[in-house]
1. Mind checking which residues of region 144-172 are more than 13 Å from V70 (Cβ to Cβ) and either β-branched (V, I, T) or touching a helix residue (DSSP H, G or I) at 6+ places or on another chain (Cβ under 6 Å) (or both)?
2. Would you mind telling me which numbered condition in (1) more than 19 Å from L155 (Cβ to Cβ); (2) free of Cβ contacts under 8 Å to residues at least 40 places away in the same chain K4 fails?
3. Is there a residue being polar (S, T, N, Q), surrounded by fewer than 17 Cβ atoms within 10 Å (Cβ to Cβ) and free of Cβ contacts under 8 Å to residues at least 12 places away in the same chain anywhere in region 133-143?
4. Taking only region 1-55 into account, find how many residues are of a type in the set (S, T, Y), more than 14 Å from I213 (Cα to Cα), in contact with a helix residue (DSSP H, G or I) (Cβ under 8 Å, 6 or more places away or on another chain) and modelled with pLDDT of 90 or more.
5. Scan the helices (runs of 4 or more DSSP H) fully inside region 16-95 and keep the ones with 1 or more residues being surrounded by 21 or more Cβ atoms within 10 Å (Cβ to Cβ).
6. Consider only pairs whose beta carbons are under 7 Å apart and that are at least six residues apart or on different chains; among these, list those whose first residue lies in region 200-221 and is free of Cβ contacts under 8 Å to residues at least 40 places away in the same chain and within 11 Å of S29 (Cβ to Cβ) and whose second residue is of a type in the set (S, T, Y) and surrounded by 13 or more Cβ atoms within 10 Å (Cβ to Cβ).
7. Is there any pair with a first residue in region 56-83 that is closer than 30 Å to S29 by Cβ and a second that is hydroxyl-bearing (S, T, Y) and not in a helix (DSSP H, G or I) whose Cβ atoms are under 8 Å apart and which are 6 or more apart or on different chains, and what are they?
8. Restricting to region 282-303, count the residues that are modelled with pLDDT under 75 and under 21 Å from the mean Cα position of the chain (by Cα).
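The values are calculated or read from the model by the stated rules, or taken from the named source; none is laboratory data. All values derive from a computational prediction rather than experimental measurement. Using ideal geometry, Cβ is built from the backbone for each residue, glycine included, and neighbour counts are taken over all protein chains shown.
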Amino acid sequence: MTDKLRAHLYLHFCVFIWGFTAILGKLISLEAVPLVWWRVLLASTTLLLLIPRQQWLGLSGRVFFQLFGVGVLVALHWLCFYGAIKMSNASVAVATMATTSFFSAMTEPLILKKKMQWYELGLGIMILPGMALVVGNISLDMRMGFGLGLIGALLAAIFSGLNKKILEQQPPPALVMSLVEFFAATCVCSLILPFLWWHSPETVIMPSGSDWIWLLVLTWVCTLLPHYLCLQAMRHISAFVTNLTINLEPIYGVLLAIVLFREDKVLNQHFYLGMLVILLAVFGHPFLKNIFGKKSVIAPKMYGD
């Protein structure tokens, strides 16, 4: 097996695993805030035990605070994503994440001080009918979850752009970046938890028996493992191919939700037509950018959802 073929297999495996994150969010009984808190706490603790001390102790204060700020956005993104799952369902939440590429097309030029491309604006307009089909054919309570998911997609676009800006400088090792960002996310959730407990004393913080299993799967299998494999894959394939493959994540997520939760019974054909329009725009973006833009493309998200 060649290195390039192995890289493609790694990447498709990563995207397939990321498709399970919405499913696990549905299976875990915890609300969004304690769910994300346990995820980032377990991830940062694992990395702290695995990474040599000299790697993270050698960070400059400037880089640390840059990564910490990105980690705050990562926490807010996951809170919105899992909040969307709890308020609607896995399919609706995954549909919102399909818009991340387009929010990136709008925010990346501002963050990296680049010129915005006309075809990116065109694709941004093209996605609006798909959004209208999705929102117009789900119940009111699901629309609230859809809106929260859109905020999460916007936050993902922003922290992806900021990560790319850091990577263009003199970045620390990728796992050290992950450690600091997960640590920041843990701090954010730790600050929010007391207010949540004060407002809703009945909120469950400690996972149940089965929740522990799903949380460990979410942390080790769906967060740390695909992040490592994705970095390995990117040594042998282009960023264009990487981004194009990652765009399959919403498809995997929706299909898994249909198979496991039979969400096709509560979502009509207009929802899936809207999802198709959104995905056509998602797949059209890297192709058009490869034709009309520069060869480099938006950096893929580091953590999936």
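1. Those that are more than 13 Å from V70 (Cβ to Cβ) and either β-branched (V, I, T) or touching a helix residue (DSSP H, G or I) at 6+ places or on another chain (Cβ under 6 Å) (or both): M144, G145, F146, L148, G149, L150, I151, G152, A153, L154.
2. (2)
3. yes
4. 2
5. Qualifying helices (runs of 4 or more DSSP H): 20-27, 32-50, 61-87.
6. none
7. If the second residue must be hydroxyl-bearing (S, T, Y) and not in a helix (DSSP H, G or I), the pairs left are V74/Y303.
8. 11
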